[in-house]
Amino acid sequence: MFNFEYYNPTRIVFGKDRITQLGRLVPPEAKVLVLFGGGSVKKFGTLDKVHQNLGARQVVEFGGIEPNPRYSTLMRAVKVVRDEQIDFLLAVGGGSVMDGTKFVALAANHEDNCEDLLQHGFKPVPVAAAVPLGTVVTLPATGSEMNHGGVISHGAGKYPIFSPLVFPRFSILDPTLTFTLPPTQVANGVVDTFIHTVEQYVTVPAEGRFQDRVAEGILQTLIEIGPITLANPTDYDARANLMWCATNGLNGLIGAGVPQDWTTHMIGHELTAMFGIDHGKTLAILQPAVWTVRREQKRAKLLQYAERVWHLTQGSEDERIDRAIEQTRAFFESLGVPTRLTDYGVTAAHIDPLVAALEAHGLTALGEKREVTPAVSRAILEAAL
């Protein structure tokens, strides 16, 4: 196991009707900017509950944050923060709203060009202060409610941002707030959580036995409850388990001290930017292809995944790996998520521009050992057709 430092200050407030705790979680004198996406939080009453529980505090709203939050939109929110002298941000929504809110928190006090904040990759953004924030989660998927990162869209690219200053002070996770989600968003959330987990687990052995066992538990839980929560969206226990899996899939715990491989996510971001394919769907397309192309580098962990997650113990090593990849693809398909590029109208003719985009964004040495070159990325995309 590698040396590591684990820090996570986010308070999780989980369960039915926990939105009633907003009053004690938000500072009493705060002037609050509530950020959200589309109209669903209004339509289904979540925003009304937020206002009710914020009580007499001054509250300003900012809606319209996109499913892939755009820099230009977020800069309008930054202007609101500055003009209205906002001192607390409350994200009400899914990962995109939370990611966007983190950018707003970092940019609000940044005196230089805020585009600079997008240029630091996985290193902490060098800012001295951020506006404090909390979240009310309405879409379980990204784990953004309990981590210090986000992804922002600008121009034709998607840019990661990280800073310990944007860990949410608190996050309210009420599974009942997710009951009205469209099935495709629920399926995307299951897939996103699954891929977050395997990108920290199906890498190379590092004797992170605790991390492996927790990751395997998340994956097995998703396999069990994914179909249930899609078929029965008001099944509280199934949805509660999905929410807690999503949070723990990317709150830093299972990735501490072990290798990580974010190839699937990085290539997936280019698919979303170029073709508008939902983020979760890009991951379902790419993960089987990543494992197919890099099976030798990942052989040991793929065999562990096959045995411990899918209970595959018969046949040769190659047969077990093949079956694990096949069953992973079948699981995604069972959720109604197609797993081939051609299912989304992306053909061999589009691979050159995708590889060029990866090169333009500096994504030329991906993987746990930085061995995924543009040539390997090309092979992955070809395997995903």
- Note on the structure: Per the list (1) crowded, with 20+ Cβ neighbours inside 10 Å; (2) without any contact (Cβ under 8 Å) to a residue 12 or more places away in the chain, residue check on Val131 breaks on (2)
- Residue count, region 275-334 (criterion: over 18 Å from Trp262 (Cβ atoms) and of a type in the set (Phe, Trp, Tyr)): 4
- Query: Do you know which residues across region 59-97 are more than 18 Å from Gly38 (Cα to Cα) and among the basic types (Lys, Arg)?
  - Reply: Lys79, Arg82
- Within region 141-155, can one find any residue that is under 17 Å from the mean Cα position of the chain (by Cα), of a type in the set (A, V, I, L, M), buried (at least 24 other Cβ atoms within 10 Å of the Cβ) and modelled with pLDDT under 95? yes
- Spot the failing condition for Leu271; the list is (1) closer than 25 Å to Glu319 by Cα; (2) buried (at least 24 other Cβ atoms within 10 Å of the Cβ); (3) more than 14 Å from the chain's Cα centre (by Cα), and only one is missed. (1)
- Scope region 175-194; condition buried (at least 24 other Cβ atoms within 10 Å of the Cβ) and closer than 27 Å to Leu106 by Cβ; matching residues: Leu177, Asn188, Gly189, Asp192, Thr193
- Query: So, of the residues in region 306-357 that are in contact with a Phe, Trp or Tyr (Cβ under 7 Å, 6 or more places away or on another chain) and surrounded by 19 or more Cβ atoms within 10 Å (Cβ to Cβ), which turns out to be nearest to Gly189 (Cα to Cα)?
  - Reply: Thr339
- So Arg320 fits all but one of (1) free of Cβ contacts under 8 Å to residues at least 40 places away in the same chain; (2) over 18 Å from Ala289 (Cα atoms); (3) among the basic types (Lys, Arg); what number is the exception? (2)
- Evaluation of Ala300 against (1) of a type in the set (A, V, I, L, M); (2) surrounded by fewer than 18 Cβ atoms within 10 Å (Cβ to Cβ); (3) farther than 25 Å from Gly208 by Cβ (one fails), failing number: (3)
- Note on the structure: Within region 34-75, of all residues that are free of Cβ contacts under 8 Å to residues at least 60 places away in the same chain and of a type in the set (A, V, I, L, M), the one surrounded by the most Cβ atoms within 10 Å (Cβ to Cβ) is Ile65
- Item | Subset of region 334-363 [farther than 23 Å from Leu230 by Cα, in contact with a Pro (Cβ under 9 Å, 6 or more places away or on another chain) and not acidic (Asp, Glu)] | Val355, Ala356, Leu358, Leu363
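The values are calculated or read from the model by the stated rules, or taken from the named source; none is laboratory data. Treat the numbers as computed from the prediction; the structure is a model and nothing was measured. Don't worry about glycine lacking a Cβ; one is built from the backbone with ideal geometry, like all the others, and counts go over all protein chains shown.
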